Amino acid sequence: MQYVATGALACQRSQASCTLFAVNAKAKRIAVIPGDGIGREVLVEAVKVLEASGAPVEMQHFDWSADCYLKDGTTVPADGFTMLDRDFDAILVGAFGDPRVPTNIHAKEILLGMRFQMDLYANVRPVKLLDDSLCPLKGVEPKDVDFTIIRENTEGLYVDVGGVFKQGTLEEIAVQEDVNTRKGVERIIRYAFEYARQHARPGRQPKLLMADKANVMTYAHGLWQRVFKEVAKEYADVKSEHMYVDALCMQMVRDPRQFDVIVTNNMFGDIITDLGAGLQGGLGMAASGNIHPGRTSMFEPVHGSAPPIAGKNIANPMGAILTASMMLAHLGLNQPAAKIDSAVLEAVRQKKTTQDISGTLGTREVGEWIAARVAA
Ligand code: NAD
Ligand code: IPM
Ligand code: MN
């Protein structure tokens with residue numbers, strides 16, 4: 001795969017900072033948005049590995065970030081989401097968040113903007129242990145931690161509906177609404193049933209567990225309960241189960257073997273996927289996809305911009321690299337995706353890792369080791 005760099009390197013009103021055109025006419029077009037902090041470091045490695053994999057992709061970089069926001073006030077350029085949807089097959093993102101932007105406005109507008117405005121309603125977050133040594137639980141092997149969390153990604157407590165009244169007084173009232181629509185709940189539950197059916201492990205009945213807090217949030221999660229039971233009737237081959245989210249957290253730690261696919265709302269999904277990351281070796285190991293079937297979807301590691309470790313070449317790039325492989329598989333490029341997965345597995349086994357998972361290498365060195373292995 002041959003690339004020709006053509007773009008300007010400077011940040012120009014948040015537009016592309018570096019454009020790379022592949023020669024292959026059938027290449028999938030990928031928008032690469034590294035963002036802030038360690039997002040910038042780990043995406044360099046993910047791109048290196050993608051290039052080494054020989055996957056037919058052409059990548060165009062966009063510097064939508066805290067830096068650009070601080071420079072000229074732009075978060076997303078006009079028609080940015082329309083352009084991503086129209087001109088790209090997928091989007092690869094690093095992370096957003098910068099202490100110089102305490103309102104987090106750029107992260108909201110860029111990251112939540114993509115999820116909401118591009119209607120990427122299924123946030124698919126695999127929890128997959130690669131090696132016993134990575135799991136904080138005793139006596140657990142990779143086959144014991146291998147499930148997927150499907151998080152609703154466009155509604156719930158994330159819709160930014162609410163307000164404050166009598167701000168700054170002792171009578172202050174703060175309201176944040178949890179918005180759950182019939183359409184939104186039904187489509188994520190259907191997506192999860194389909195996913196469970198398609199990803200059943202050999203010899204095992206497909207299984208889907210819904211987690212909510214319907215015992216307290218009787219209106220919002222009552223809707224989830226009714227829809228889940230209704231849709232389950234259409235998937236008689238899939239075993240459907242339920243847990244309250246608090247009990248689920250305990251079970252994820254006590255016995256993760258019991259889970260195959262879990263579906264839940266936006267906020268609970270955010271929380272339990274960090275817990276899931278913990279089971280895999282930490283946030284540096286967790287990948288995710290923000291998906292709307294049939295449309296341009298976005299892929300990002302689960303972790304954030306980790307400001308305290310940014311710029312030190314110590315961030316673990318594996319979550320971002322596994323995210324790149326997830327993106328390739330989503331695009332039907334299964335062969336290079338499998339090559340990347342097995343190179344990451346080999347890096348873990350040979351301890352070619354960063355310090356968060358007890359290695360001694362830097363971000364770049366891990367990325368280069370995996371890229372070399374993928375290219376071999
Ligand atoms: P974080 O994920 O950035 O960091 C949490 C902890 O995990 C820290 O100890 C960090 O050092 C560690 N960590 C995270 N990724 C790592 C990696 N790849 N390698 C090694 N260690 C890693 O979460 P936070 O500290 O709560 O948030 C920091 C900023 O990131 C905030 O601005 C937050 O809003 C933002 N954030 C963004 C995203 C995203 O863009 N998808 C996700 C989560 C948090
Ligand atoms: C995640 C992050 C985001 C979320 C933040 C940065 C808005 O924590 O992707 O898990 O809460 O969804
Ligand atoms: Mn999160």
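The values are calculated or read from the model by the stated rules, or taken from the named source; none is laboratory data. It should be emphasised that the depicted structure is a prediction, and the values quoted were computed from it without experimental measurement. Cβ atoms come from the backbone with ideal geometry, glycine included; neighbour counts cover every protein chain shown. SASA here: full protein model, heavy atoms, side chains in, ligands and nucleic acids out. Shrake-Rupley method; radii C 1.70, N 1.55, O 1.52, S 1.80 Å.
Laid out as a table, the results:
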| quantity | calculated |
| --- | --- |
| Selection within the stretch 53-109 - at positive phi and either of a type in the set (A, V, I, L, M) or more than 16 Å from ligand 1 (Cβ to nearest atom) (or both) | GLY54, GLY73, ASP79 |
| Condition check for PRO317: touching a Pro at 6+ places or on another chain (Cβ under 9 Å) and either within 16 Å of ligand 3 (Cβ to nearest atom) or outside the structural domain of LYS108 (by TED's automatic domain parsing) (or both) | no |
| The stretch 256-277 residues that are more than 17 Å from GLU186 (Cβ to Cβ), paired with ones that are near ligand 3 (Cβ under 10 Å from one of its atoms) (beta carbon under 6 Å, 6 or more apart) | THR273/ARG125; THR273/VAL302; ALA277/LEU283; ALA277/ALA286; ALA277/VAL302 |
| Close pairs from the stretch 57-79: first among the basic types (Lys, Arg), partner surrounded by fewer than 21 Cβ atoms within 10 Å (Cβ to Cβ), Cβ under 9 Å, at least 6 apart | LYS71/CYS11; LYS71/ARG13 |
| Residue, farthest from VAL47 (Cα to Cα), within the stretch 93-107, restricted to residues that are assigned to a helix (DSSP H, G or I) and aliphatic (A, V, I, L, M) | ILE105 |
| Candidate set: the stretch 26-67, residues that are part of a strand (DSSP E or B) and open to solvent by 10 Å² or more (accessible area, probe 1.4 Å); chosen: the one nearest to PRO308 (Cα to Cα) | PRO34 |
| Unmet requirement for GLN117, which otherwise passes all of (1) in contact with a helix residue (DSSP H, G or I) (Cβ under 6 Å, 6 or more places away or on another chain); (2) within 18 Å of ILE357 (Cβ to Cβ); (3) among the polar types (S, T, N, Q) | (2) |
| Which listed residue is within 19 Å of GLY284 (Cβ to Cβ), in contact with a strand residue (DSSP E or B) (Cβ under 8 Å, 6 or more places away or on another chain) and without any contact (Cβ under 8 Å) to a residue 60 or more places away in the chain, from ASP146, ASP132 | ASP146 |
| Test: ASP160 is touching a Leu at 6+ places or on another chain (Cβ under 6 Å), in the same structural domain as VAL245 (by TED's automatic domain parsing) and of a type in the set (Asp, Glu) | no |
| Every pair of residues 6+ apart whose Cβ atoms lie under 6 Å, when the first sits in the stretch 207-230 and is under 21 Å from GLN251 (Cβ atoms) while the second is surrounded by fewer than 20 Cβ atoms within 10 Å (Cβ to Cβ) and among the acidic types (Asp, Glu) | LEU209/GLU241 |
| Lone qualifier among ALA337, ALA375, ALA371 - being in contact with a Lys or Arg (Cβ under 7 Å, 6 or more places away or on another chain) and farther than 22 Å from ASP36 by Cβ | ALA371 |
